[in-house]
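See structure below.
The values are calculated or read from the model by the stated rules, or taken from the named source; none is laboratory data. Just so you know, these numbers come straight off a predicted model, no measurement behind them. When we count neighbours, we look across all protein chains shown, and the Cβ atoms used for this are built from the backbone with ideal geometry, even at glycine.
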């Protein structure tokens with residue numbers, strides 16, 4: 001249990017704040033504070049810890065020999081957004097990484113997850129990736145999800161302590177409740193590096209994001225490793241919107257691409273050079289074209305809800321929490337038993353900068 | 001003249017500090033302070049103002065119509081480093097942009113500039129670009145300088161006020177003393193935009209950096225505009241060393257490249273995509289290769305001095321002022337009447353990061 005003194009101190013330092021949303025009242029840690037991770041949420045009936053940061057390795061072979069002393073499980077890293085799903089009061093809710101109740105995931109989880117799990121395991125938290133093209137947050141999605149979204153359980157956490165269940169316990173629960181889960185590639189050791197390199201090349205070809213390596217308890221050391229194609233795709237998708245992200249987002253990914261090539265012995269071909277250049281140049285041109293046509297740089301999002309109220313709550317949350325982004329509610333209509341929410345995110349920094357530059361403005365850099 | 005009260009205030013706030021170097025004592029403004037630019041230097045016999053920032057336009061046509069109401073001179077922007085050269089006491093010295101006495105430029109200026117100028121014009125400051133492959137600061141140099149360096153006068157400034165001479169006065173002095181100067185492409189107006197676009201395409205093909213546009217006095221408005229090839233070359237040359245520069249250095253240049261293409265109607269070809277990708281990927285690979293061979297990422301510099309003492313002073317200055325860079329003096333030998341100084345800059349951030357990543361280290365990003 002979290003020490004009440006630490007909680008008071010966090011509130012005083014504005015690292016934790018009271019939230020009221022969708023009928024729930026709780027305390028949300030908006031930043032890491034002492035050993036309490038950002039996104040931790042204190043509900044009257046339980047403490048849900050923030051999902052911990054997982055360090056990234058840039059080199060596979062040296063990375064696993066440096067990081068792991070024991071065998072480790074290797075699971076797919078799915079390209080979506082992280083939610084923690086659990087029971088509170090009479091309901092089941094999903095918290096975003098930052099600790100906000102996510103209306104979308106809360107509304108849709110019953111389409112994917114057997115709620116019996118929460119009745120029978122009120123003290124467990126399902127850590128899931130929500131991924132797919134029709135989500136309200138991110139533009140990327142795994143190649144094998146062609147519409148809507150899916151949930152992928154990758155960890156089960158205990159309320160109150162934030163500890164994860166062992167791989168065996170987790171697997172048993174996933175099986176018992178037929179929970180949708182990330183693909184597990186198996187248990188590996190350092191000497192299996194060639195198998196893992198081959199696996200990464202396969203995931204890279206398939207346009208999948210990468211892997212998470214997890215030593216089992218008690219050590220529980222973890223690391224993630226990403227494919228070249230995922231890094232390239234990050235650049236491609238965000239370049240039209242370059243100013244919303246820290247510039248390090250790009251230099252970091254270029255570094256990862258080059259080290260992936262180095263690790264896998266991928267040759268530097270013209271095609272590869274071309275792909276990287278194209279990711280930047282075409283992305284920016286699409287922003288310029290949109291700006292010239294519409295006077296703004298924006299992206300349209302579309303996602304399905306079971307409940308109309310939750311769709312409206314989603315818009316409210318996005319408006320309240322988006323920085324340098326204007327959220328415009330465009331449509332909400334019924335289709336096939338769902339409410340389809342359509343909204344637009346206008347990227348204000350990129351819109352402002354392009355407006356300034358294209359009209360001949362000066363920049364002192 | 002600068003108000004003595006402002007000077008005292010700047011010293012108190014550590015924006016100006018006393019320097020003693022090469023027998024000169026002066027006060028150097030290490031930051032902009034009120035209306036006094038960074039690099040301003042107060043000598044007992046005169047005040048030399050910092051060279052003012054010139055804003056950059058990213059679009060030529062809209063840029064000139066937005067920025068200039070009167071005709072403007074267009075001069076070549078030479079890719080080198082900026083020094084201000086003037087007489088102080090019995091000597092003639094060159095100050096770097098930041099206001100340090102540059103031993104290299106001070107030592108070599110007499111090879112390029114007729115010192116009679118300073119005897120007859122002790123109150124004038126020659127603002128010059130020093131460019132060429134053998135300089136102690138930067139790795140890029142104009143394509144038309146194959147060895148050593150040259151000086152290129154582009155402005156003449158008055159001591160005490162920081163005002164520039166008019167184009168006519170400047171040109172007369174350049175002619176009278178046969179001073180080496182930047183190429184002047186002529187006097188232009190907004191309606192000449194097509195000529196300027198053609199000029200930029202020519203400079204781009206020739207691998208030259210770009211142009212500076214200067215309205216004459218009294219307005220004296222200024223702007224700079226850079227070729228695509230110069231931006232690409234910046235990326236290519238610095239990518240091996242990506243961590244020494246702010247990440248915005250790269251995103252900014254990608255943006256400039258795309259807007260140059262947009263302005264000039266340059267088609268997006270595979271070749272162009274490839275060049276951008278290659279700039280990043282080959283640069284980083286060369287850093288990795290060097291690290292694996294030598295355990296460090298570094299660059300060797302070589303430059304010629306008239307005087308041995310000034311070569312040693314250069315090393316001293318570099319060691320004193322370089323941040324996150326280790327300067328290693330490697331050689332100093334006589335050749336053809338010069339002292340050739342050889343030194344190495346070890347890029348500590350890049351060396352540290354690559355060491356961490358290549359040995360399998362974790363990064364929390």
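For region B:329-365, how many residues meet the condition of being in contact with a helix residue (DSSP H, G or I) (Cβ under 9 Å, 6 or more places away or on another chain) and part of a strand (DSSP E or B)?
11
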For region A:101-120, give me the residue count where each residue is farther than 22 Å from residue A:339 by Cα and either in contact with a strand residue (DSSP E or B) (Cβ under 8 Å, 6 or more places away or on another chain) or not assigned by TED's automatic domain parsing to the domain that holds residue A:25 (or both). 3
Does region A:300-320 contain at least one residue that is within 30 Å of residue A:225 (Cβ to Cβ) and either within 14 Å of chain B (Cβ to nearest Cβ) or under 26 Å from the mean Cα position of the chain (by Cα) (or both)? yes
Go through (1) in contact (Cβ under 8 Å) with a residue 24 or more places away in the chain; (2) away from chain A (no Cβ under 12 Å); (3) not in a loop (DSSP other than H, G, I, E, B) and name the single condition residue B:293 misses. (1)
Condition first: free of Cβ contacts under 8 Å to residues at least 40 places away in the same chain, touching a helix residue (DSSP H, G or I) at 6+ places or on another chain (Cβ under 7 Å) and either buried (at least 22 other Cβ atoms within 10 Å of the Cβ) or assigned to a strand (DSSP E or B) (or both). Can you find one or more residues in region A:173-185 that meet it? yes
Contact list please: Cβ distance under 6 Å, first residue in region A:306-323 and farther than 17 Å from residue A:19 by Cβ, second residue at pLDDT 95 or above and surrounded by 19 or more Cβ atoms within 10 Å (Cβ to Cβ), pairs at least six apart or on different chains. A:306/A:107; A:307/A:107; A:308/A:339; A:311/A:305; A:311/A:339; A:311/A:341
Report yes if some residue within region B:336-350 is more than 13 Å from chain A (Cβ to nearest Cβ), closer than 30 Å to residue A:224 by Cα and surrounded by 14 or more Cβ atoms within 10 Å (Cβ to Cβ); otherwise report no. yes
All helices (runs of 4 or more DSSP H) inside region A:188-289 with 2 or more residues being free of Cβ contacts under 8 Å to residues at least 40 places away in the same chain and at the interface with chain B (Cβ under 8 Å from one of its Cβ atoms): A:248-264
Among the candidates A:79, A:66, which residue alone is modelled with pLDDT under 95 and closer than 27 Å to residue A:231 by Cα? A:66
If I ask for residues that are part of a strand (DSSP E or B) and surrounded by fewer than 21 Cβ atoms within 10 Å (Cβ to Cβ), which ones from region A:302-324 would you list? A:302
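Could you tell me which residue of region B:57-72 is farthest from the other protein chains (Cβ to nearest Cβ), considering only residues that are crowded, with 19+ Cβ neighbours inside 10 Å and touching a strand residue (DSSP E or B) at 6+ places or on another chain (Cβ under 8 Å)?
Looking at the filtered set, the residue picked out is B:72.
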Filter result (surrounded by 22 or more Cβ atoms within 10 Å (Cβ to Cβ) and either at pLDDT below 95 or closer than 19 Å to residue A:312 by Cα (or both)) within region A:110-137: A:135, A:136
Looking at region B:38-56 only, could you name the residues that are crowded, with 17+ Cβ neighbours inside 10 Å and either farther than 21 Å from residue B:105 by Cα or in contact with a strand residue (DSSP E or B) (Cβ under 7 Å, 6 or more places away or on another chain) (or both)? B:38, B:39, B:40, B:41, B:42, B:43, B:46, B:48, B:49, B:50, B:51, B:56
